């Protein structure tokens, strides 16, 4: 279009500025660094490293996804358990343990109820016990196996070998884990409404409840409360008279779990001691004494908490006189105890007994 008065054109912005916008850059720009293409190392850092990170994350996600969904071949793990090579054998056992902890369902059956898995792990444990070694690694493997057997709900397979592991001749931690495995199995099956005949295992637990080792005795006493058998009941009533306070308390708690108030005198003694402890001032002591006092205080707090929980279970089984005595013992704990959670539990129990008594009177 030609320039005309009707269509005036804007002035040329480059007119008269050829020196500034010529083919060559101005002198002040000649010192700038030259532009170079990116190096291979830079490209690797920019693209390959993030890609590797993403790949690893996806791999971990897929691995745990397969484990949780039961897609991992448990039969392959069983094959490894049977392997002659000890490293492969224990790798298979570890794989099965991980699948059991993830509550995997394979072929429509919970892996914890799979008899083949139970038989192989029980046999591995039996072989390890028969080896008779004093190796620390072997003890660790036995502890691992006893805990794993506690995840399996095939008691006719697992209980016999756990009884072997509870033998006084075995390592202390192996025995402890074996008793705990019996308790967890019984508790889990009870919650599911499944039948668990403890006729064969209870005698071994009763024997452990008389052990000189305090930890073994306490754990066995607690475990007896999981079995609704006359022999377990009788043993717990005997343990109420034991010289060790914690053994007596565990027996009373186990009986309360079974709905029996025969351990009530033990609970009353625990409450009385807790109330008296609140009125005593703490004298100055050395650092060693302070550690001992703190340990005893922690142990006493746990015992008191378990006592309150047991009494909550027994509340409906108590008569008026028993509730009145407990109320007098609980009141100072509910108002003065230095642990807020203990105070709350004590107040809750007091309210529960009051409500129950009101219903009885009406």
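Give region 297-319 a look and list any residue that's part of a helix (DSSP H, G or I) and closer than 14 Å to residue 264 by Cβ, or say none.
Let us first name the residues in region 297-319 that are part of a helix (DSSP H, G or I), namely 297-317.
Answer for region 297-319, where residues must be part of a helix (DSSP H, G or I) and closer than 14 Å to residue 264 by Cβ: 307, 308, 310, 311, 312, 313, 314, 315, 316, 317.
Name the single residue, out of those in region 247-275 being modelled with pLDDT under 90 and more than 12 Å from residue 304 (Cβ to Cβ), that is nearest to the chain's Cα centre (by Cα).
Checking each candidate, the answer is 257.
Can you tell which of 97, 118 is farther than 26 Å from residue 217 by Cα, part of a helix (DSSP H, G or I), at pLDDT below 85 and in contact with a helix residue (DSSP H, G or I) (Cβ under 8 Å, 6 or more places away or on another chain)? Outline the logic, then answer.
Details: 118 fails: at pLDDT below 85.
Residue meeting the stated conditions: 97.
Can you tell me which residues in region 143-153 are under 15 Å from residue 96 (Cα atoms) and in contact with a helix residue (DSSP H, G or I) (Cβ under 6 Å, 6 or more places away or on another chain)? First the steps, then the outcome.
Of all residues in region 143-153, those under 15 Å from residue 96 (Cα atoms) come to 144-153.
The answer is 145, 146, 147, 148, 149, 150, 151, 152, 153.
Would you please list the contacts, defined by Cβ atoms under 7 Å and residues six or more apart or on different chains, that run from a residue in region 314-326 that is touching a residue at least 60 places away in the same chain (Cβ under 8 Å) to a residue that is surrounded by 13 or more Cβ atoms within 10 Å (Cβ to Cβ)?
From region 314-326, the pairs are 322/264.
Does at least one position in region 130-140 carry a residue that is crowded, with 20+ Cβ neighbours inside 10 Å and either closer than 24 Å to residue 181 by Cβ or at pLDDT 85 or above (or both)? Break it down stepwise before answering.
Quick first cut of region 130-140, residues crowded, with 20+ Cβ neighbours inside 10 Å only: none.
No, that holds for no residue.
In region 156-195, what count of residues is obtained for those that are more than 17 Å from residue 220 (Cβ to Cβ) and assigned to a helix (DSSP H, G or I)?
Start the filter on region 156-195 by keeping residues that are more than 17 Å from residue 220 (Cβ to Cβ), which leaves 156-158, 160-161, 188-195.
Within this subset, residues satisfying the condition of being assigned to a helix (DSSP H, G or I) are 156-158, 160-161, 188-191.
The total comes to 9.
If the requirement is being assigned to a helix (DSSP H, G or I), within 30 Å of residue 103 (Cα to Cα), in contact with a helix residue (DSSP H, G or I) (Cβ under 9 Å, 6 or more places away or on another chain) and in contact (Cβ under 8 Å) with a residue 12 or more places away in the chain, which of these qualifies: 266, 205? Step through it out loud before you land on a result.
On the way: 266 fails: within 30 Å of residue 103 (Cα to Cα).
Only one candidate qualifies: 205.
The values are calculated or read from the model by the stated rules, or taken from the named source; none is laboratory data. Note that the structure is predicted; figures quoted are calculated from it, not measured. Cβ: placed from backbone, ideal geometry, glycine included. Neighbour counts: every protein chain shown.
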